[in-house]
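Sharing a structure here in C-alpha cells format.
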Amino acid sequence: MTSAASTFSLPFATTPSASAKADAERESILADPGFGKHFTDHMVTIRWSEDAGWHDAAVHPYGPLQLDPSASVLHYAQEIFEGLKVYRHADGSVWSFRPTANAARMQRSARRMALPELPTEAFVESIRRLVETDERWVPSADETSLYLRPFMIATEGFLGVRAAHEVAFHVIASPAGAYFTSGPKPVSIWLSTQYSRAGKGGTGAAKTGGNYASSLLPQQEAYEHGCQQVMFLDSEEGKYLEELGGMNVVLVRSDGTLVTPDSDSILEGITRDSILQLAEDRGLRVEKRRVSLDEWRDGVASGAITEAFACGTAAVVTPIGELRGDGFTITSPDAGSDSLTMSLRRELTDIQYGRLSDPHDWMVQLTPAS
Ligand SMILES: Cc1ncc(COP(=O)(O)O)c(C=O)c1O
C-alpha cells in the first residue's frame, strides 16, 4: 500500500460550501445512499486552454455548470469520463483502488477523443483533495463506498467541427450503497444482435459518452426481455463476444482457466485486469483472445465452461445466470459461494476494504486513520 504523493505543482484553491448538508441529513443519506442519486458538498474543477494549458485548479461547492450553449460537448459529444471508488477501512482511513490505472485510461480516452491529457499526478491529487474535503461522505457500512466520477468536457463555444481549444476537467463524488444487499445475485443478459456498441477503428476502447448513448436502446431491449444487462458482439461478423453495456465478461473453464475477449473495441476494465492478476497469482491460466458465442454455448453444453461472470467497478463481480437472445438461452451453472467467481470477488473486495494484504500495491491512501 502506498500513499498518494503530492507532486502535482498546480495550486488548488479551496472554497468551502456555504450550504453543506447538516450532519443529520448526510447521515440519513449515508444510511441508504443507493447509487448515483446523492452528491457530496464539493467538486473539483481544473480548466485547460490551448494557450495556458492546465490552470485554475479548485475544490469548490457542488453545483450546476455554466456552459455556453454552443459548447462543443453539447453538439459533438467531445467528452470522456472515469469511474472509481474509495473505501473506508476499519481504522477509519480512506483508500482508493488503482487510481493511476484510471488516470492512464483517461489519458488513452483523451488521445482518442482529441482532448488534452491530464497528468496522472493531477488526476490523483484531484481525487485526494476532494476526498479530504468531503471525507465525512465516505460511508463505512459493509460493501459501501464513495464513487468518484472524473470527467472532461469540451467547453469552447464554437460550432465548427474541430477539437475544442477550451476544456474543463471535473470530479464529483456520490456515496454508493452495497450493490447487492444479500450477496451478488446472478444476472440475466440479453444478446443484442441488431445493434453494435462499437466498430473497428471507432471509439469502443475510450470511455466516452457516445458509446453509452448508443447502448441505451439495446439496454431498453434487454429490460423488455426481462434482462438486466445487454451483451454486444463484434460489429463485423457478429460472432465474437465483446462486452456488456457497462461491464467486461469472463468465462471460467472446468480446469480453472479464465477466458476473456480481446478486442480493440472494448473498454479495458480495471476490475477485470485485477481479477485476472489475482487468478494468475493463484497459478491459474488466463487467456485473452477472441471468444465466440458458439464457444460459450458449446462449452456450457459439454461442461467445459463451468462459470461466467461480469465485472466492473459498480458491481465488482457478478455471476451471469443466463444469456438470452432471439430463440436461444445459455444457462450458466449456479455460481455458489464456493465457485471461483465468488472466491475471486471476495479476494478483491477484501483487498479493497483492507481486510487482506495488498501484494500489488493497488491501494492508495487518501486520508489517515481516525
Ligand atoms: C463499457 C464498460 N466496460 C467495462 C467496464 C469495467 O471497467 P472497470 O472495471 O474499470 O470499472 C465499464 C465500467 O466502467 C464499462 O463502462
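Filter the range 63-81 down to the residues that are part of a loop (DSSP other than H, G, I, E, B) and surrounded by fewer than 23 Cβ atoms within 10 Å (Cβ to Cβ) and list them by number.
First, the residues of the range 63-81 that are part of a loop (DSSP other than H, G, I, E, B): 63-70, 77-78.
Result: Gly63, Pro64, Leu65, Gln66, Leu67, Asp68, Pro69, Ser70, Ala77.
So Ser339 clears everything in (1) open to solvent by 20 Å² or more (accessible area, probe 1.4 Å); (2) more than 20 Å from the chain's Cα centre (by Cα); (3) at pLDDT below 95 except one condition, right? Which one?
(1)
Within the range 240-259, how many residues are of a type in the set (Gly, Ala, Ser) and crowded, with 19+ Cβ neighbours inside 10 Å?
First, pick out the residues of the range 240-259 that are of a type in the set (Gly, Ala, Ser): 245-246, 254, 256.
Of the ones still in play, those that are also crowded, with 19+ Cβ neighbours inside 10 Å are 245-246.
Counting residues in the range 240-259 that are of a type in the set (Gly, Ala, Ser) and crowded, with 19+ Cβ neighbours inside 10 Å gives 2.
Now, a different point. Taking into account only those residues within the range 187-213 that are of a type in the set (S, T, N, Q) and open to solvent by less than 50 Å² (accessible area, probe 1.4 Å), which is nearest to Ala104 (Cα to Cα)? I'd like the intermediate steps shown before the answer.
We begin by selecting, within the range 187-213, every residue of a type in the set (S, T, N, Q); these are 188, 192-194, 196, 203, 208, 211.
Now restrict to residues that are open to solvent by less than 50 Å² (accessible area, probe 1.4 Å): 188, 192, 203, 208, 211.
Numbers: Ser188: 32, Ser192: 30, Thr203: 16, Thr208: 14, Asn211: 19 Å.
The extreme case among them is Thr208.
Please count how many residues of the range 236-270 are assigned to a strand (DSSP E or B) and closer than 16 Å to Gly201 by Cα.
Result for the range 236-270: 1.
Tally time: how many residues in the range 83-100 are among the hydrophobic types (A, V, I, L, M, F, W, C), within 11 Å of the ligand (Cβ to nearest atom) and open to solvent by 10 Å² or more (accessible area, probe 1.4 Å)?
Step one: filter the range 83-100 for residues among the hydrophobic types (A, V, I, L, M, F, W, C), giving 84, 86, 90, 94-95, 97.
Remaining after also requiring within 11 Å of the ligand (Cβ to nearest atom): 84, 97.
After this cut, where a residue has to be open to solvent by 10 Å² or more (accessible area, probe 1.4 Å) as well, the list is 97.
Here the count works out to 1.
Restricting attention to the range 101-121, which residues are open to solvent by 30 Å² or more (accessible area, probe 1.4 Å) and within 13 Å of the ligand (Cβ to nearest atom)?
Of everything in the range 101-121, those that are open to solvent by 30 Å² or more (accessible area, probe 1.4 Å) and within 13 Å of the ligand (Cβ to nearest atom) turn out to be Ala104, Arg108.
Another question, then. Applying the selection to the range 82-112, what residues are under 18 Å from the mean Cα position of the chain (by Cα) and either aliphatic (A, V, I, L, M) or part of a loop (DSSP other than H, G, I, E, B) (or both)?
Residues satisfying the conditions are Glu82, Gly83, Leu84, Val86, Arg98, Ala101, Ala103, Ala104, Met106, Ala110.
Here's something else I'd like to know. Among the residues that make up the range 296-310, is at least one of them within 14 Å of the ligand (Cβ to nearest atom) and surrounded by 14 or more Cβ atoms within 10 Å (Cβ to Cβ)?
Within the range 296-310, the subset within 14 Å of the ligand (Cβ to nearest atom) is 309-310.
With the extra rule that they be surrounded by 14 or more Cβ atoms within 10 Å (Cβ to Cβ), the set shrinks to 309-310.
Yes.
Is there any pair linking a residue in the range 20-32 that is without any contact (Cβ under 8 Å) to a residue 24 or more places away in the chain to one that is open to solvent by less than 90 Å² (accessible area, probe 1.4 Å) and in a helix (DSSP H, G or I), with Cβ under 8 Å and at least six apart or on different chains, and which?
Lys21/Ile29
Quick one: count up the residues across the range 8-41 that are under 28 Å from the mean Cα position of the chain (by Cα), among the small types (Gly, Ala, Ser) and assigned to a loop (DSSP other than H, G, I, E, B).
Matching residues across the range 8-41 total 5.
Say whether the condition of being away from the ligand (no atom under 16 Å from the Cβ), surrounded by fewer than 22 Cβ atoms within 10 Å (Cβ to Cβ) and more than 19 Å from Thr193 (Cβ to Cβ) is met by at least one residue in the range 260-280. Talk me through it step by step, then tell me what you get.
Just the residues of the range 260-280 that are away from the ligand (no atom under 16 Å from the Cβ), to begin with: 280.
Among the residues that remain, those that are also surrounded by fewer than 22 Cβ atoms within 10 Å (Cβ to Cβ) are: 280.
If we keep only those that are more than 19 Å from Thr193 (Cβ to Cβ) as well, we get 280.
Yes, the range 260-280 has at least one match.
Follow-up. Just to be sure before I move on: is Leu241 within 15 Å of the ligand (Cβ to nearest atom), without any contact (Cβ under 8 Å) to a residue 60 or more places away in the chain, of a type in the set (A, V, I, L, M) and closer than 25 Å to Gly303 by Cβ in the structure I sent? Before you say what the answer is, go through the steps one by one.
Values: within 15 Å of the ligand (Cβ to nearest atom): yes; without any contact (Cβ under 8 Å) to a residue 60 or more places away in the chain: yes; of a type in the set (A, V, I, L, M): yes; closer than 25 Å to Gly303 by Cβ: yes.
Spelling it out, Leu241 is indeed within 15 Å of the ligand (Cβ to nearest atom), without any contact (Cβ under 8 Å) to a residue 60 or more places away in the chain, of a type in the set (A, V, I, L, M) and closer than 25 Å to Gly303 by Cβ.
Turning to a different aspect of this structure: Going by the conditions given, is Thr15 among the polar types (S, T, N, Q), in contact (Cβ under 8 Å) with a residue 24 or more places away in the chain, out of contact with any helix residue (DSSP H, G or I) (no Cβ under 8 Å at 6 or more places or on another chain) and open to solvent by 20 Å² or more (accessible area, probe 1.4 Å)? Show your work before the answer.
Working: among the polar types (S, T, N, Q): yes; in contact (Cβ under 8 Å) with a residue 24 or more places away in the chain: yes; out of contact with any helix residue (DSSP H, G or I) (no Cβ under 8 Å at 6 or more places or on another chain): yes; open to solvent by 20 Å² or more (accessible area, probe 1.4 Å): yes.
For Thr15, the condition - among the polar types (S, T, N, Q), in contact (Cβ under 8 Å) with a residue 24 or more places away in the chain, out of contact with any helix residue (DSSP H, G or I) (no Cβ under 8 Å at 6 or more places or on another chain) and open to solvent by 20 Å² or more (accessible area, probe 1.4 Å) - is met.
Being hydrophobic (A, V, I, L, M, F, W, C), touching a Leu at 6+ places or on another chain (Cβ under 7 Å), within 12 Å of the ligand (Cβ to nearest atom) and part of a strand (DSSP E or B) is the filter here, so list the residues in the range 179-233 that pass it.
First, pick out the residues of the range 179-233 that are hydrophobic (A, V, I, L, M, F, W, C): 180, 187, 189-191, 198, 205-206, 213, 216-217, 222, 227, 230-233.
Of the ones still in play, those that are also touching a Leu at 6+ places or on another chain (Cβ under 7 Å) are 189, 191, 205, 230-231, 233.
Applying the additional criterion that residues be within 12 Å of the ligand (Cβ to nearest atom) yields 205, 230-231.
Listed by number, the residues that qualify are Val230, Met231.
Within 20 Å of Gln365 (Cα to Cα) and under 25 Å from the mean Cα position of the chain (by Cα): does that describe Thr45?
no
The values are calculated or read from the model by the stated rules, or taken from the named source; none is laboratory data. Quick caveat, the model's predicted, so the values are computed rather than measured. Note that each Cβ is placed from the backbone with ideal geometry, even for glycine, and that neighbours are counted across all protein chains shown. In case anyone asks, the SASA skips ligands and DNA or RNA and just uses the protein heavy atoms, side chains included. Shrake-Rupley method; radii C 1.70, N 1.55, O 1.52, S 1.80 Å.
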